[in-house]
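Okay, structure first, notes after.
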Amino acid sequence: MSGRLHALGLPAVALALVSGVLAVQLANGGGTFEPLRTADPCTTRAVTSRSDGIEGLTERLVLRGIDEAACRLHVSREALILELGQSDTRTDAEVEALHRGLSSAVRELEADGSLPPASALVDEALDSADLNGFLKAAIRALPDSVVDAALKTDDVLIRTIDDLDLRAVLADLDSPQDLNAQVEEAVTQAVKDSLSDRVRNLL
Amino acid sequence: MRRAVAPLLAVTVALVLADSAVVTLALPDILAELDATVGQVAWVLISFNLVLGLCAVPTAIWFDRAQPRIFTAVGIAVFAGASAWCAVAGSIDVLVVARCVQALGGALALVGCLELMVAEWGERRGVAAWVTAGVVGTAVGPVAGGLLTQAISWEAIFVVQVPFAALAVPAALAVRAVPVLPPDRHRPAVRPNLTLALLSAALTAALFLLVLLLVEGWGRSPATAALTVSVVPVAALAARPLARLLRPSPEVEVAVGCFLIAGGLVGLAIPPSAELFWTVAPQALVGLGLGLTIDRLTAQAMELRLPRARHAGWTIGARHVGVVVGLAILTPVFTADLQDAQEPAQEAIASLVLDAPLRAEDKISIARALGDELTQQRGQIPDLHRAFAAANLDPAERPAAAELERDLDAQLEGAATRAFRDSFLIGAGLALVALLTVIAPRRRRAS
């Protein structure tokens, strides 16, 4: 009996120690401690923003648009972001997917009622617009209902996306001034086009 | 002076075997200071083990024809001189050459010290002290190297060896009578030496990879890493009392030791987080396994085999060739895994930044600073704190940014841990193969 105890004692202690240590490691998440796995971009995810107004809207649009574009390209949104951010050249497929993604993000936000009316963005847009002071004051004096009747947010955004040279925008990611100038120009053009279309339809 | 002779020789044995892994924690400093590549700096470790492993047996054969005291004193002197040379090496190439010379002197010193210690303390005590000094040196090497690097500099690792070794030179010459060596009567013990080689390869994973994970992957200081890996030698000391309590046979003791090392390495492969606490219990398993195996296997390989020095040469060769084989197997695996870990880590970082509860302009500012940091530190794990400090953030957003920084650090730690997992598991596999060499049935001798 004593001989058997001596033969089995140390192996039994070792087995208990190894099993105990591994069980505790596994029970506390051992083996799953690794980087976050990226989510499927084709599955709709809630997008939120800490920013208000145009910046917040742009952020939500970009986040949804990137998801849509990544889904079309069959990559994760993170892989697409890193590719766009790190690569010097963007492929036609990437630019096309981004364009379509942003357009469909506008339609989705419009469909779920989260696009603000144009009147909610006018003041902020005028602050940064390069317009005559009298003209700005005149536009600000317009009642919200008139602004909302004249301009539809989704229409302006879709036109802005169509007007933007996305390849140039991506090339200017490191230069906020150039980026803002491009976006401002595209938005101004989109507002003009939207208004002239509306007037043309009225006539 | 007479009383100090054998202890000084034992310290020399511990120093030589500590040198096998003493630079592990100093490698990042050496890499930076000597402007070396990762591949070059690995040779500071590989060269010593390779030369020691390959020279041990020829040295032992040469020892048969030499004056033992002179032979040993020359070996220790060469080791001491080369240690000083390592400390003043101005380039990585010079350091690698100095390490080769140091290993050559170390091989002479190890073989010679065994015979001189037997002459001073007698067969049983002399061999036991030589084996124990080797185990202590092996286990304490990375800890001592880490603490010295953090407290002083990597050069200090080599400087502190010089006075000990210099004192051991007259000690070797002072040994009075060295018995005449017996003729070659026994073949090398294949099985214990093979097990030793496999276990040494596995232990490379424990000692070398763990400190790399702690310093490079989890961003801990060399001193913290050194204190953390001190669990291994402390647990190794606890192995002997445990074995005395349960009194297993030597084969069972070695088999259990292999199993404990394998279990500890699996535990190191699956920590639940980057908290140092999670490495303690797996390291304790490795330390217990180390304490149960190395001295027992060394004793088995040398027991009643003559000439003693030659069989000591075989065990030294087996251990250090094992270390080199371990490095050769594990280095390409973990460097490739670290390379592969970059993409998921970058994607995880991008994901957290995109969804962070921060204003859009702050996200862009952080993303830009992170991008610069990643570009500058290509090939190494980036320092995210620098990126956050460089980002132009709104003060009100600082708490959320600090939380994001913590989350991003956790992603990098997770990526590094994942990258080391395969290597730890390969180390565990090597320990299990060592276990097989112990429990495999022996060939019956024809009666």
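The values are calculated or read from the model by the stated rules, or taken from the named source; none is laboratory data. This one's a predicted model, so the numbers in the text were calculated from it and none came from an experiment. So basically every Cβ, Gly included, is an ideal-geometry build from the backbone, and we count neighbours across all protein chains shown. In case anyone asks, the SASA skips ligands and DNA or RNA and just uses the protein heavy atoms, side chains included. Shrake-Rupley method; radii C 1.70, N 1.55, O 1.52, S 1.80 Å.
Of the residues making up region B:219-262, those that are within 11 Å of chain A (Cβ to nearest Cβ) and outside any helix (DSSP H, G or I) are B:Arg247, B:Pro248, B:Ser249.
The set of residues from region B:28-40 being open to solvent by 10 Å² or more (accessible area, probe 1.4 Å) and not hydroxyl-bearing (Ser, Thr, Tyr) comprises B:Pro28, B:Asp29, B:Leu31, B:Ala32, B:Glu33, B:Leu34, B:Asp35, B:Ala36, B:Val38, B:Gly39, B:Gln40. Residue count for region B:330-362 under the criterion of being within 15 Å of B:Glu403 (Cα to Cα), more than 8 Å from chain A (Cβ to nearest Cβ) and not aliphatic (A, V, I, L, M): the result is 2. Residues in region B:263-318 that are of a type in the set (Ser, Thr, Tyr) and part of a helix (DSSP H, G or I) were compared, and the one that is farthest from B:Leu199 (Cα to Cα) is B:Thr279.
Pairs meeting the criteria (first residue in region B:130-157 and among the charged types (D, E, K, R), second residue open to solvent by 10 Å² or more (accessible area, probe 1.4 Å), beta carbons under 7 Å, at least 6 apart or on different chains) are B:Glu155/B:Ala87.
Tallying residues that are assigned to a helix (DSSP H, G or I), in contact (Cβ under 8 Å) with a residue 24 or more places away in the chain and within 11 Å of chain A (Cβ to nearest Cβ) within region B:393-419 yields 14. Has region B:320-334 got at least one residue that is over 35 Å from the mean Cα position of the chain (by Cα), surrounded by fewer than 19 Cβ atoms within 10 Å (Cβ to Cβ) and part of a helix (DSSP H, G or I)? No, because not a single residue in region B:320-334 is over 35 Å from the mean Cα position of the chain (by Cα), surrounded by fewer than 19 Cβ atoms within 10 Å (Cβ to Cβ) and part of a helix (DSSP H, G or I). Restricting region B:392-442 to residues that are more than 34 Å from the chain's Cα centre (by Cα) and of a type in the set (D, E, K, R), the residue that is farthest from B:Leu265 (Cα to Cα) is B:Asp394.
Selection of helices (runs of 4 or more DSSP H) fully inside region B:73-176 by the criterion of at least 3 residues being open to solvent by less than 20 Å² (accessible area, probe 1.4 Å) and farther than 27 Å from B:Glu303 by Cα returns B:92-121, B:123-151, B:154-159.
How many residues are open to solvent by 10 Å² or more (accessible area, probe 1.4 Å) and touching a residue at least 12 places away in the same chain (Cβ under 8 Å) if we restrict to region B:60-69? Walk me through it before giving the result.
Of region B:60-69, the ones open to solvent by 10 Å² or more (accessible area, probe 1.4 Å) are B:61-62, B:64-69.
Subset that is touching a residue at least 12 places away in the same chain (Cβ under 8 Å): B:61, B:64, B:68-69.
Result for region B:60-69: 4.
Is it the case, given these coordinates, that B:Leu227 is at pLDDT 85 or above, open to solvent by 20 Å² or more (accessible area, probe 1.4 Å) and at negative phi?
Taking the combined requirement at face value, the residue satisfies it.
The conditions of being surrounded by fewer than 19 Cβ atoms within 10 Å (Cβ to Cβ) and among the acidic types (Asp, Glu) are met by B:Glu343.
Every test in (1) within 14 Å of chain B (Cβ to nearest Cβ); (2) buried (at least 19 other Cβ atoms within 10 Å of the Cβ); (3) at pLDDT 90 or above is passed by A:Leu57 save one, and that test is (3).
Among the residues that make up region A:77-93, is at least one of them assigned to a helix (DSSP H, G or I), under 30 Å from B:Gly257 (Cα atoms) and among the charged types (D, E, K, R)? No, the conditions are met nowhere in region A:77-93. Can you name the number of the only condition in (1) open to solvent by 40 Å² or more (accessible area, probe 1.4 Å); (2) facing chain A (nearest Cβ under 10 Å) that B:Ser273 fails? Here B:Ser273 meets the rest and fails (1). State yes or no: is A:Pro116 touching a helix residue (DSSP H, G or I) at 6+ places or on another chain (Cβ under 6 Å) and either modelled with pLDDT under 85 or of a type outside the set (Asp, Glu) (or both)? In short, no. Yes or no: A:Glu110 more than 14 Å from chain B (Cβ to nearest Cβ), touching a helix residue (DSSP H, G or I) at 6+ places or on another chain (Cβ under 6 Å), open to solvent by 30 Å² or more (accessible area, probe 1.4 Å) and not in a loop (DSSP other than H, G, I, E, B)? For A:Glu110, the condition - more than 14 Å from chain B (Cβ to nearest Cβ), touching a helix residue (DSSP H, G or I) at 6+ places or on another chain (Cβ under 6 Å), open to solvent by 30 Å² or more (accessible area, probe 1.4 Å) and not in a loop (DSSP other than H, G, I, E, B) - is met.
Identify all residues within region A:5-35 that are farther than 30 Å from B:Ala348 by Cβ and polar (S, T, N, Q); write none if there are none.
Here is the first cut: in region A:5-35, the ones farther than 30 Å from B:Ala348 by Cβ are A:5-20.
Matches in region A:5-35: A:Ser19 only.
Taken over region A:60-100, the criterion of being within 14 Å of chain B (Cβ to nearest Cβ), open to solvent by 20 Å² or more (accessible area, probe 1.4 Å) and closer than 23 Å to A:Arg159 by Cα is satisfied by A:Arg60, A:Val62, A:Arg64. If you go through region A:23-48 and pick out every residue that is open to solvent by 40 Å² or more (accessible area, probe 1.4 Å), part of a loop (DSSP other than H, G, I, E, B) and within 7 Å of chain B (Cβ to nearest Cβ), you end up with 4. Which members of region B:177-208 meet the condition of being modelled with pLDDT under 85, farther than 30 Å from B:Leu8 by Cα and in a helix (DSSP H, G or I)? If the condition is that a residue be modelled with pLDDT under 85, farther than 30 Å from B:Leu8 by Cα and in a helix (DSSP H, G or I), then B:Val190, B:Ala205 are the ones that fit.
Let's see how each residue does on (1) open to solvent by less than 30 Å² (accessible area, probe 1.4 Å); (2) acidic (Asp, Glu):
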{"site": "B:Pro357", "(1), (2)": "no, no"}
{"site": "B:Ile364", "(1), (2)": "no, no"}
{"site": "B:Arg386", "(1), (2)": "no, no"}
{"site": "B:Asp407", "(1), (2)": "no, yes"}
{"site": "B:Ala415", "(1), (2)": "yes, no"}
{"site": "B:Ala419", "(1), (2)": "yes, no"}
{"site": "B:Ile426", "(1), (2)": "no, no"}
{"site": "B:Leu430", "(1), (2)": "yes, no"}
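Among the conditions (1) modelled with pLDDT of 85 or more; (2) under 21 Å from the mean Cα position of the chain (by Cα); (3) charged (D, E, K, R), the only one that B:Glu275 does not satisfy is (2).
Among the residues of region B:3-23, the ones that are farther than 22 Å from B:Asp295 by Cβ and touching a helix residue (DSSP H, G or I) at 6+ places or on another chain (Cβ under 7 Å) come to 3 in all.
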